[in-house]
Amino acid sequence: MNLIIQLDEIKESGLQLEGDAGQEELPQVDELVNAGSLMLPEPVHYRFDITRLSGMVEIDGELECDIEVPCGRCLESYRLPISSRFSLTLSESIPECFDEEGNEIELSTEEMGLALIEGEEIDLVEPLQEQVLMALPIQPLCREECKGLCPYCGNNLNESECDCTAPKFDTRFASLKDFKVKNK
Ligand SMILES: [Zn+2]
Ligand SMILES: [Zn+2]
């Protein structure tokens with residue numbers, strides 16, 4: 001399925017696209033996979049509903065996929081289902097805007113929440129991979145109660161306990177917090 005569509009493919013009844021995109025079709029996702037910060041076990045399933053009306057193109061998108069990311073505590077990869085809906089409006093030209101008194105004002109496309117269509121093509125790769133990247137957890141955790149790795153021997157504490165104990169100075173200095181430090 002081609003993720004770059006031509007404007008004239010959008011007929012009056014709109015254009016519906018449904019398909020799967022593998023990591024090789026999504027360069028930014030591919031980059032993260034190669035860097036080891038993400039795995040895409042199955043392609044991203046997407047649906048697009050695209051309509052064109054007086055110089056504007058409205059895109060409603062939906063995507064579903066499973067990703068695998070390494071847990072921030074124990075480093076084991078875990079599966080995370082992603083599903084998101086999004087919509088964006090593209091414009092074939094910068095629309096004219098007027099203030100309350102009827103004077104023309106210049107607004108950038110960002111200020112209007114619009115993206116400009118360059119040429120005769122619409123690239124759906126960008127919004128699709130943006131959605132995947134936005135769904136990535138900032139602090140990935142395989143589960144809320146993940147115990148992480150032992151800071152002394154690196155053992156995965158979810159799998160087994162280890163005999164490491166905190167070095168002695170830790171307990172010795174722990175009592176220091178009971179002292180009040182006087183500043184003079
Ligand atoms: Zn974990
Ligand atoms: Zn240990």
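Annotations
- Test set (1) under 22 Å from Q139 (Cα atoms); (2) open to solvent by less than 60 Å² (accessible area, probe 1.4 Å); (3) in contact (Cβ under 8 Å) with a residue 60 or more places away in the chain - E76 fails condition number: (2)
- Enumerated strands (runs of 3 or more DSSP E) restricted to the range 30-135, each holding at least 3 residues that are touching a Ser or Thr at 6+ places or on another chain (Cβ under 9 Å) and under 30 Å from P151 (Cβ atoms): 56-70
Each row is one residue, and each column tells you yes or no for (1) among the aliphatic types (A, V, I, L, M); (2) within 19 Å of the chain's Cα centre (by Cα).
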| position | (1), (2) |
| --- | --- |
| E12 | no, no |
| E24 | no, yes |
| C74 | no, no |
| S84 | no, yes |
| S87 | no, yes |
| I94 | yes, no |
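- Test: residue in the range 18-37 that is open to solvent by 70 Å² or more (accessible area, probe 1.4 Å), free of Cβ contacts under 8 Å to residues at least 60 places away in the same chain and either farther than 30 Å from P140 by Cβ or within 16 Å of ligand 1 (Cβ to nearest atom) (or both): no
The values are calculated or read from the model by the stated rules, or taken from the named source; none is laboratory data. Please read these numbers as outputs of a predicted model, since none were measured by experiment. Note that each Cβ is placed from the backbone with ideal geometry, even for glycine, and that neighbours are counted across all protein chains shown. Quick note on the areas: whole protein, heavy atoms, side chains included, nothing else; ligands and nucleic acids left out. Shrake-Rupley method; radii C 1.70, N 1.55, O 1.52, S 1.80 Å.
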